[in-house]
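Notes to accompany the following structure.
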Ligand code: URA
């Protein structure tokens, strides 16, 4: 099977039939699969727990304190650990994954994300293309591609989540063509010298028809500014840098001034921002840097297309790109400058 769908646990109907997603959640799931063009019979559907949590259907019924936890597994939610006696279900899930060897796994809800990615907080990671957590990959024999999304039961409670899950299922369908986790390739220059800025201006900025620009701020200061002339290349110019003398990235005021002059020059080019009203105003008000050629705004464009959806950069990335969630990047990646 190319696509595997992993839910949380059985409800009443599922327990009766001994099959996953045959009750209300299954009905909602079927409707979404139909829209995306995924044939349910061509997927493999299972749960983290092939049992109904008792006495109520709530997964918390399977949890206890840290002393009862399955060794090595994090809390499912704050202070609640899945009890050791249910560890066999995780083993069974992993056996199913190994046997079916899918190209992509859709993790429905926080419990499936916990089992495969060892993380909680589905909102921050949904829609991303993640790899199974390294401990999980070790048990499975390879890294599997996982697309986490909201659980169909959450869609039943909050219908506005439905187009988001449909988007995520569509991404999973596209990703099911191959088993490898392929990331967009790009080079990002960080911690540049003044010579790097000149080189970047000559090689990348001058030939570009437009630049994507984003500022980061702390209080009334800009901490760094990113410029991207293309999807493959970007540069970050830092200013505020903790650990540097006076928290200034640049060692003397002349160097800092020169760096600002690059910013000033590059901001004259046609530019694209995310919620640029904030950035452009900040640049002008705090630094006297004008941005006369802002031609597009990702947040406003998205809002025009999908006015009912979230507008944050993380959400946009989950919808429009193949990036990993920022949450995983920060935790797992050490950024190093090469060359
Ligand atoms: N919810 C799940 O997570 N799985 C099912 O099989 C049914 C409802």
Quick note on 95, 101, 220, ordering by fewest other C-beta atoms within 10 Å, gives 220, 95, 101
In degrees, nearest 10, the alpha-carbon axis of helix 162-175 is tilted away from the dominant principal axis of the alpha carbons of the chain by 90
Under the helix-only model (-39500 (n - 2.57) for each DSSP H run of 4 or more, divided by the residues of the chain), the mean residue ellipticity at 222 nm, to 500 deg cm²/dmol, is -11000 deg cm²/dmol
Row for the range 78-144, column shape: gyration tensor on C-alpha, a ≥ b ≥ c, rounded if a/c < 1.5 i.e. under 1.5, prolate if a/b over b/c, else oblate; value oblate
Rounded to one decimal in nm, the spacing of the 7 Å Cα→Cβ label points at residue 170 and residue 39 is 2.2
Taking Cα atoms, the helix 24-36 axis meets the longest principal axis of the chain at an angle in degrees (rounded to 10) of 50
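For residue 284 and residue 78, what is the calculated FRET efficiency with R₀ set at 45 Å and r taken between the beta-carbons, to the nearest 0.05?
0.55
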One finds the C-alpha centres of the range 1-53 and the range 82-142 to be spaced, in Å, by 16
Residue 221 and residue 193 label points (each 7 Å along its Cα→Cβ direction) are spaced in nm at 2.4
Plugging the Cβ-Cβ distance of residue 201 and residue 135 into 1/(1 + (r/R0)^6) at R0 = 41 Å yields, to the nearest 0.05, a FRET efficiency of 0.40
Extend 7 Å from the Cα of residue 92 along its Cα-to-C-beta direction; within the range 132-149, residues with backbone N under 11 Å of that point are none
Expected sort for 150, 244 with the fewest Cβ neighbours (10 Å cutoff) up front is 244, 150
To the nearest 10 degrees, the tilt of helix 253-266 (Cα long axis) against the first principal axis of the alpha carbons of the chain is 70
Projected onto their principal axes, the Cα atoms of the chain stretch, largest extent first, over whole-Å spans of 73, 43, 34
Where a ≥ b ≥ c are root eigenvalues of the Cα gyration tensor, a/c under 1.5 meaning rounded, otherwise prolate if a/b exceeds b/c and oblate otherwise, the range 238-339 counts as oblate
By the C-alpha gyration tensor axes a ≥ b ≥ c (rounded if a/c is under 1.5, else prolate when a/b exceeds b/c, else oblate), the shape of the range 1-147 is oblate
If the chain between residue 326 and residue 308 were fully extended at 0.36 nm per residue, the gain over the current Cα-Cα distance would be 4.2 nm
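Quick note: the coordinates plus some simple rules give every number you see, no bench work behind them. None of the values given here were measured: they were computed from a predicted structure. Note that we place each Cβ from the backbone using ideal geometry, even for glycine, and neighbour counts take in every protein chain shown.
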